[in-house]
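The values are calculated or read from the model by the stated rules, or taken from the named source; none is laboratory data. A quick note: this is a predicted structure, and the numbers were derived from the prediction, not measured. Please note: Cβ atoms are built from the backbone with ideal geometry, for glycine as well, and neighbour counts cover all protein chains shown. Surface areas here come from the heavy atoms of the whole protein model, side chains and all, with no ligands, DNA or RNA. Shrake-Rupley method; radii C 1.70, N 1.55, O 1.52, S 1.80 Å.
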Amino acid sequence: MNIQWYPGHMTKAKRAMEESLRLIDVIIELVDARAPLSSRNPDIDRLGRQKYRILLLNKADLADESANLLWEKWFTAQGCHVVKLDARSGSGMRAVQETIQEACHEKIERDRRRGIQNRPVRAMVAGIPNVGKSTFINSFARKSCTKTGNKPGVTKGNQWIRLNRNVELLDTPGILWPKFEDALVATRLALIGSINDNVLNREELAAEGLRFMQDHYPESLASRYEGAEMGGKPWEALASLAVLRQCLKKGGEPDTEKAAALFLEDLRSGRLGRITLEIPPEENR
Ligand code: G4P
């Protein structure tokens, strides 16, 4: 499937991120647990070379728990500090705080040895659009009582949210873009709803999604759409779903476009169960 979408703000956002990077010690990178590699920014390793790094597998509540565990193990083996998170409910937030301390342990110790006290570790959140950056920052801010206001050297408009004695978080996330050139990556991002639907052919996308579900989660399809024939060719399954849900055109023809929208919404919202679209490279499935 060919997805044509070139975000116009990329250069500006990248520059803003680079500016913010000068102010911080640790990058908290968010990815979508349903597609952790596809939703990862390809530049982040280069940008974050000099920084401590934490990776949050966000929306873990929507992802397959067995896959979450595989990803946790895989990223840990790559040397990342990893936390599974549901930023919407706040589940996992405490582990994030602990992991920040752990990841920055060296700096905290160094400061302590030099007699520097009360110098909090400074963090920023980064990730591609829609991975949950704002939700995470809001949740983080709710737990802390203070915004510390503008400080000298802070990028204009930015504020620091003080979580506790040890950690301050920049309230503006770093936005970067995924690897759109890779069609498979783009398809996965579209399936999890990270790409605006208006630029896509929904029926083609739904057919891709159905094919994946038939291969990996056939029971979820069968139980959600009981009464429809979901096992056949994706286009036929879509037509059968249209009939089941009474998405019909004027002459009684199945309205596969409507059915596609319905299926994609079910897939993205978790109504089809907890789903992960990709697993770590070494794990065959
Ligand atoms: P961004 O800043 O990275 O662009 O993402 P943002 O926080 O705006 O989150 C994008 C969508 O993902 C929001 O849903 C948000 O509620 C949802 N979300 C964020 N974290 C999680 C999570 O851990 N689990 C789940 N299930 N959802 C999460 P929305 O539909 O766009 O908005 P709303 O309906 O929540 O208002």
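Would you mind getting the accessible area per residue of segment 1-121, heavy atoms of the protein chains only, 1.4 Å probe, in Å²?
Numbers: 6440 Å² over 121 residues.
Result: 53 Å² of accessible area for each residue.
Using a 1.4 angstrom probe with every protein chain in place, what is the largest-first accessible-area order of 217, 52?
Sorted by accessible area, descending: 52, 217.
Taking only C-alpha pairs under 8 Å that are 6+ residues apart, what is the relative contact order of segment 238-283 in percent?
Rounded, it is 27 percent for segment 238-283.
Among 52, 35, 63, which residue has its Cα furthest toward the positive end of the charge dipole of segment 19-143, with +1 on Lys/Arg Cβ and -1 on Asp/Glu Cβ?
The residue sitting most towards the positive pole is 52.
Please compute the contact order of segment 1-123 in relative form: average sequence separation of alpha-carbon pairs under 8 Å and at least six residues apart, divided by the residue count, as a percent.
25 percent.
State the extension gain, in nm to one decimal, for the chain segment bounded by residue 102 and residue 18, taking 0.36 nm per residue of separation less the distance between their alpha-carbons.
Details: separation 84, 0.36 × 84 = 30.24 nm, distance 2.43 nm.
Value of the extension gain: 27.8 nm.
Quick check: the angle from helix 93-103's long axis to the longest principal axis of the chain, C-alpha only, nearest 10 degrees?
So the inclination is approximately 50 degrees.
How much of residue 216 can a 1.4 Å solvent probe reach, expressed as accessible area in Å² and rounded to 10?
Looks like 60 Å² after rounding.
What's the percent breakdown of Cα-Cα distances in the chain across 10 Å bins, shortest bin first?
Bin by bin from 0 Å, the calculated values are 6, 26, 30, 20, 11, 5, 1, 0.
Tell me, what is the percent relative contact order of the chain, built from C-alpha pairs under 8 Å that lie six or more residues apart?
Taking the mean separation of contacting Cα pairs over the length of the chain, I get 22 percent.
Compute the signed sum of charges (Lys and Arg +1, Asp and Glu -1) over the other residues within less than 14 Å, Cβ to Cβ, of residue 224.
With Lys, Arg at +1 and Asp, Glu at -1, the neighbours total -1.
How far apart, in nm, are the 7 Å Cα→Cβ label points at residue 91 and residue 181?
A separation of 3.9 nm, rounded to one decimal place.
How would you classify segment 28-167 from its alpha-carbon gyration tensor, with a ≥ b ≥ c the square roots of the eigenvalues: rounded for a/c under 1.5, else prolate if a/b is greater than b/c, otherwise oblate? Before the final figure, lay out each step's value.
Details: a/c = 1.72, a/b = 1.45, b/c = 1.19.
It is prolate, given that a/c is not under 1.5 and a/b is the larger ratio.
In degrees, nearest 10, range 0 to 90: what is the angle between the Cα axis of helix 202-216 and the longest Cα principal axis of the chain?
Orientation of helix 202-216: about 90 degrees from the principal axis.
Decide, for segment 175-285, between rounded, prolate and oblate: order the square roots of the alpha carbon gyration tensor eigenvalues as a ≥ b ≥ c, take rounded if a/c falls under 1.5, and otherwise choose prolate if a/b is larger than b/c, else oblate.
Oblate.
Which angle from 0 to 90°, rounded to the nearest 10, does the C-alpha axis of helix 10-21 make with the longest principal axis of the chain?
30
With r as the distance between the Cβ atoms of residue 113 and residue 142 and R0 = 51 Å, compute the FRET efficiency 1/(1 + (r/R0)^6) and round to 0.05. Spell out each step's value before the answer.
On the way: r = 34 Å, r/R0 = 0.67.
E between residue 142 and residue 113, to the nearest 0.05, is 0.90.
Among 116, 176, 269, which residue has its Cα furthest toward the positive end of the charge dipole of the chain, with +1 on Lys/Arg Cβ and -1 on Asp/Glu Cβ?
116
What's the FRET efficiency of residue 45 with residue 229 using the Cβ-Cβ distance as r and R₀ = 30 Å, to the nearest 0.05?
Step by step, r from the Cβ atoms, then E = 0.10.
In debye, nearest 20: dipole of the chain around its Cα centre with unit charges on the Cβ of K, R (+) and D, E (-)?
1800
Name the lysines eligible as straight-distance cross-link partners of residue 179: C-alpha to C-alpha under 21 Å, and not fewer than 8 places from it in the same chain.
Answer for residue 179, where 21 Å is the Cα cut-off: 12, 14, 59, 133, listed by chain and number.
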